[in-house]
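Structure first, commentary second.
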Amino acid sequence: MVKTGKLRSGASQKLKRWKKGHSSDSNPQTSRYRQAARSRFFSRPSGNKSNLTVDALKLHNELQTGTLERGGDGDAMEEAAFTERTSGTFLSGLSDCSNLTFRKVQRYWESNSAAHKEICAVLAAVTEVIRSQGGKETETEYFAALMTTLEAVESSESLAAVAYLLNLVMKRVPAAVLIKKFSDTAKAFMEVMSKQAGTDSVSAVRWILSCLATLLRKQDLSVWGYPSTLQVYHGLLSFTVHAKPKVRKAAQQGVCSILRGSDCMFIDNAPSHHPAAVTTAKYCIKEMEQAGGNKEDTTTLHVLGLIKELINTFPLSSVKSCCETLLRVMTLSHVLVTAGAMQAFHKLFSSKPSSSSMSAELNAQIIMALYDYVPSENDLQPLLAWLTVMEKAHVHLSSLQSSLSLGHLPRLFAAAMSCLLSPHTQVVSAATQTLKTLINECVAPHMAEIGPVLPSTSTGNGLSVIKMFRVVEEGLSYRFHATWPFVLQILGCFYKAAGKQAHPIMIKSLQSLSDLRVTPSFPFCGELDLAMGAAVESMGPQVVLSAVPLDDMEFPRSWLIPVIRDHVKNTQLSYFTSYFLPLASTLKQKGLCLSLVCTVCMIPLDCLLYFQLFDFTHILFFCFNVYEIVGFLSCVFSKDSAIQKKAYRVLEEMCGGERETCKKFVQGNLEQLKQVLLDNLKSASSPAKRPRLKCLIHIVKQLNEEHKDFLTALLPEVIICTKEVSIGARKNAYSLLVEIGNAFIQFSGNSKEAINEYLGHVYIGLTGSVTMITCTVLALTRLVYQYKGKQYTLDVSPLEQLLHNVCLLLSSRTREIVKACLAFIKVILFILDVKVLASHVSVIMEGITNMKEDMRRHCRMKLKSIFTKLVRKFGYELVKSMLPAEHHKVLANIRKVEARTKRRNTQPGSETRRACATALLIEDILAETDSDDSEDEGPKKGQKKPIKQKAKAWLKEGVSDDPLNFLDPKASQRVLATNPDLKKTAKVEHGFKVTSDGRLIIKEDDEDDGAKAGGIGIHRPLGGRQESGSEYKSKVTYLNMTFH
């Protein structure tokens, strides 16, 4: 059986194939349908045939007898000629309509939709009538003609087309016209709505509702005082719960646009709320109460969607009534209704309504009421929604009245911390984010007003802060050990927000964190260090070190020094000199303390005392004498890469200083620095290479001709560093290569000879290992690009020989060498003159031809870039003649792309694009050689989206067959959105009894009434297993005792 999509063996040879470019030879010679489509609308029909339909002719005749009737009694022959001309150019009013309002409609004439064709026919007929009356095709003329047409047509399709055009034009009709014609226009719309409401066609009603909303939005404030206006508005409002989605959406959008965007709301002395806001709120409340009592959840959901968009536009009394109704419908325990009500509350608080819509007292009352609707901890989505709504409610209350918000926060903190015990990770993460947001937005901005918070504070906002922190501090207890990373995040946030004023109540927590940090195998050291860093940042190192001192002979808290170094701010230099220097001399940790003083000196509080007298280098000499600094250089020989890196960073600061003191230090200790840097050449670790190279850059800038041997000795290391893992190290290596070349030029009076001498030292690397060859080619690429200018007069003959050698290396089997050589060729094509380059094109082509097949495939994009440059310089035909056939397809594509680019460059504004495109950056070329990714890889295909499931609800029965009391305020927690009967993964039987709170009951040997555990495999003794987290249990139990 032959597979689908494949031919039998040998069948392909029997098939006749079209030659390239001749596949269209089989097309028919006649194009009857194309000609008919081309002449359908824009040419006069031949013979006596007419393209007018019966409905279009009837509409046209009715328009002729309407209010825009032609003036004057002309000659009968003229009338006949006019009629013939109109019928002969069907839809000519559409194709050349000059009003931009209907520009969208002009695209419909090619559509196959019957509705679109009807719209085009109506617009064409109306346009012809306006022109026949000598009109200028203004929006007002179209509005009058379409209103007349609306009263004349009867079919639903024509009504929908007219209503659609009215919807477009009314948005641009002057407001004065709509105000003057309000009564007649509203009456016409209401009549159409009443006739079409009972039909199956919704298009006409949909567009009429939109027109009615536009009409009402343009009315003056005084018009809204008339009962007739409210009657029209109620007609629009009644469609907000319509069964048809499009009608309901149009009505709800219209109501929202009226209450939010009416013209009367943007005038001087405009009211705070729309005059129709109160009646809208009453309508929503009435609909929810009626539908809710009858369990008609669909209507309730529709009204909830409307309230969600409008509740922040209601006045205070209406908002209160709506919130009471929302809380009542939530007692129905319908999952979707409860979710819709929570969305309405979220929208209310997120929009941050003004005090005229939401008072602080009402905000607090809603918060208290929502505690009766706390979802079950097993209901994931409802619990997440509840946390989000409560967060927004407290944040908004804080903006209205901070003291009232602080009074309500402790209860929410307790509820959110209990969520950290949830088995759902999403709940834990959401609760953590809620607490951090509340601390940052409700507590932190008001700490300055609260002032110092002491453990003895018993009243006011300070007491609320104490209660909140005690709740968070409880998270360090053993039962929260599974979520300690989240607890540490909350603690760090609290430290940063209130540590400056409330640090007296936080001392015990700092001690608890210190004890946990030194616990063996503590898994959350990173999170704990960040929390302690936040404490250092807000309280200052003096407060932290008073709670957790460092002066211990065993020095167990050495982890605090890098924490303080990374987070210290606004501290005093005097405290550093009095505390850390004696400690450093005792504990031999001058390396850490020296890096710490660099941070302390950034923003000191006592800068007037120190920085008016000393600069940074003076402070170093103040802390350590010159002999200690020079002796500190021995740290670069340390086997610890972190200490090496810190030592080189200190050297970098000293060698790169602009002050005269720094320069004198380098000059005075230059020989010792050179000796240390050369001796450490082989032992320097990879992380220390970036600051080491930066330090060498500073030193090379200060050398003279006597130190040329030192520069030559450094070259191999610098060349090898061009392939370092660190991007910063690679950049510093390339910069150092340039600085060494500049030093050679500075030492010699002849720049040409100096460059040739320098490049001669670099050429030696081409005889080394594979890595050395790669790095040498990259170094030469950078140097050739650097000295390409006329001021250096780079010698061409050695460069040509170098090009020949690099082309020979293209046949290598090592990808790194090949990529480096291609980068060199790319630079050569950029810097050499075309006349000089012409004699070496054959060498380049031969080198590319000799590349291995897998190398060409791997580097095909780089080769394409080189081919493009060659085609631009020497032409397509010459390059094609010098390359084998396997490259011709790429060349054809290049020619096509170049032709397209040339056409684009002829367009206006192409000069800027050409200037950007021709810029060649050496950093980009060298960066291409650092990537090890293959060019064959492509993007992965996206995965299918999960199918959404419909919402369901389950009722959790009472315990021990107890009847469920629906009058209980917490009865809503029994309505679950998650099936409680889902079977969980079976747990392994361990053979022990379990108490109600989950603890194991293990009897002694003499109490055991069964066989003892023993044997092998699954029957092995369990006494050796250790409970998860047991190493913290005794310590945390002691901490819990101290908390209380």
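Would you confirm whether any residue within the stretch 319-331 is within 30 Å of PRO375 (Cβ to Cβ), of a type in the set (Ser, Thr, Tyr), in contact (Cβ under 8 Å) with a residue 12 or more places away in the chain and open to solvent by less than 30 Å² (accessible area, probe 1.4 Å)?
Residues of the stretch 319-331 within 30 Å of PRO375 (Cβ to Cβ): 319-331.
Imposing the further condition that a residue be of a type in the set (Ser, Thr, Tyr) reduces the set to 321, 325, 331.
Then keep just the ones that are in contact (Cβ under 8 Å) with a residue 12 or more places away in the chain; that gives 321, 325, 331.
When the remaining residues are screened for being open to solvent by less than 30 Å² (accessible area, probe 1.4 Å), the result is 325.
Yes: the stretch 319-331 contains one or more residues that are within 30 Å of PRO375 (Cβ to Cβ), of a type in the set (Ser, Thr, Tyr), in contact (Cβ under 8 Å) with a residue 12 or more places away in the chain and open to solvent by less than 30 Å² (accessible area, probe 1.4 Å).
Hey, could you check the stretch 393-402 for residues that are of a type outside the set (A, V, I, L, M, F, W, C) and touching a Lys or Arg at 6+ places or on another chain (Cβ under 9 Å) and say which is most open to solvent (accessible area, probe 1.4 Å)? Steps first, please.
Of all residues in the stretch 393-402, those of a type outside the set (A, V, I, L, M, F, W, C) come to 394, 396, 398-399, 401-402.
In the following step, the residues that additionally are touching a Lys or Arg at 6+ places or on another chain (Cβ under 9 Å) were identified as 396, 399.
Numbers: HIS396: 7, SER399: 85 Å².
Step by step, filter the stretch 393-402, then rank; the result is SER399.
Which condition number does ALA243 fail, the rest of (1) at pLDDT 90 or above; (2) over 20 Å from ASN312 (Cα atoms) being met?
(1)
Taking only pairs six or more apart or across chains, which ones have beta-carbon atoms under 6 Å, a first residue in the stretch 224-237 that is open to solvent by less than 70 Å² (accessible area, probe 1.4 Å), and a second residue that is not aliphatic (A, V, I, L, M)?
Here the result reads TRP224/PRO275; LEU236/GLY254; LEU237/TYR283, each pair linking the stretch 224-237 to a residue that is not aliphatic (A, V, I, L, M).
Against the definition (over 22 Å from LYS218 (Cβ atoms) and either open to solvent by less than 40 Å² (accessible area, probe 1.4 Å) or hydroxyl-bearing (Ser, Thr, Tyr) (or both)), how does ALA124 come out, yes or no? Spell out the reasoning first.
Values: over 22 Å from LYS218 (Cβ atoms): yes; either open to solvent by less than 40 Å² (accessible area, probe 1.4 Å) or hydroxyl-bearing (Ser, Thr, Tyr) (or both): yes.
Yes, satisfied.
Which residues, counting only those in the stretch 760-819, are among the aromatic types (Phe, Trp, Tyr) and either buried (at least 19 other Cβ atoms within 10 Å of the Cβ) or touching a residue at least 60 places away in the same chain (Cβ under 8 Å) (or both)? Before you say what the answer is, go through the steps one by one.
Keep residues of the stretch 760-819 that are among the aromatic types (Phe, Trp, Tyr), which gives 763, 785, 787, 792.
Correct list: TYR785, TYR787.
For GLU537, state whether it is touching a helix residue (DSSP H, G or I) at 6+ places or on another chain (Cβ under 6 Å), open to solvent by 50 Å² or more (accessible area, probe 1.4 Å) and assigned to a helix (DSSP H, G or I).
Values: touching a helix residue (DSSP H, G or I) at 6+ places or on another chain (Cβ under 6 Å): yes; open to solvent by 50 Å² or more (accessible area, probe 1.4 Å): yes; assigned to a helix (DSSP H, G or I): yes.
When the stated conditions are applied, GLU537 passes them.
For THR483, work out the one condition from (1) hydroxyl-bearing (Ser, Thr, Tyr); (2) in a helix (DSSP H, G or I); (3) over 28 Å from the mean Cα position of the chain (by Cα); (4) surrounded by fewer than 23 Cβ atoms within 10 Å (Cβ to Cβ) it doesn't fulfil.
(3)
Which of the residues belonging to the stretch 328-359 are among the aliphatic types (A, V, I, L, M), part of a helix (DSSP H, G or I) and under 21 Å from ASP379 (Cβ atoms)? Can you show your working first?
Pass one, the stretch 328-359, residues among the aliphatic types (A, V, I, L, M): 329-330, 332, 335-337, 339, 341-342, 344, 348, 358.
Narrowing further to those that are part of a helix (DSSP H, G or I): 329-330, 335-337, 339, 341-342, 344, 348.
Hits for the stretch 328-359 are VAL329, MET330, VAL335, LEU336, VAL337, ALA339, ALA341, MET342, ALA344.
Scan SER405, SER422 and give me the residue that is open to solvent by less than 40 Å² (accessible area, probe 1.4 Å), of a type in the set (Ser, Thr, Tyr) and more than 30 Å from the chain's Cα centre (by Cα). Talk me through it step by step, then tell me what you get.
Working: SER422 fails: more than 30 Å from the chain's Cα centre (by Cα).
Within the list SER405, SER422, the selection yields SER405.
Could you go through the stretch 191-205 and let me know if any residue there is within 45 Å of the chain's Cα centre (by Cα) and buried (at least 22 other Cβ atoms within 10 Å of the Cβ).
Yes; the residues of the stretch 191-205 include at least one that is within 45 Å of the chain's Cα centre (by Cα) and buried (at least 22 other Cβ atoms within 10 Å of the Cβ).
Only one of these conditions is not met by ALA713: (1) closer than 22 Å to GLY768 by Cβ; (2) touching a residue at least 40 places away in the same chain (Cβ under 8 Å); (3) among the small types (Gly, Ala, Ser). Which number is it?
(2)
Do any residues in the stretch 515-529 that are loosely packed, with under 14 Cβ neighbours inside 10 Å have Cβ atoms under 9 Å from those of residues that are assigned to a loop (DSSP other than H, G, I, E, B) and among the charged types (D, E, K, R), where the two are at least six apart or on different chains, and which pairs are they?
VAL518/ARG557
Could you please find all residues in the stretch 340-386 being touching a strand residue (DSSP E or B) at 6+ places or on another chain (Cβ under 8 Å) and open to solvent by 40 Å² or more (accessible area, probe 1.4 Å)?
If the condition is that a residue be touching a strand residue (DSSP E or B) at 6+ places or on another chain (Cβ under 8 Å) and open to solvent by 40 Å² or more (accessible area, probe 1.4 Å), then ASN378 is the only one that fits.
The values are calculated or read from the model by the stated rules, or taken from the named source; none is laboratory data. In this text the structure is predicted, and so the values were computed from the model without any measurement. So basically every Cβ, Gly included, is an ideal-geometry build from the backbone, and we count neighbours across all protein chains shown. Note: areas computed on protein heavy atoms with side chains; ligands, DNA, RNA excluded. Shrake-Rupley method; radii C 1.70, N 1.55, O 1.52, S 1.80 Å.
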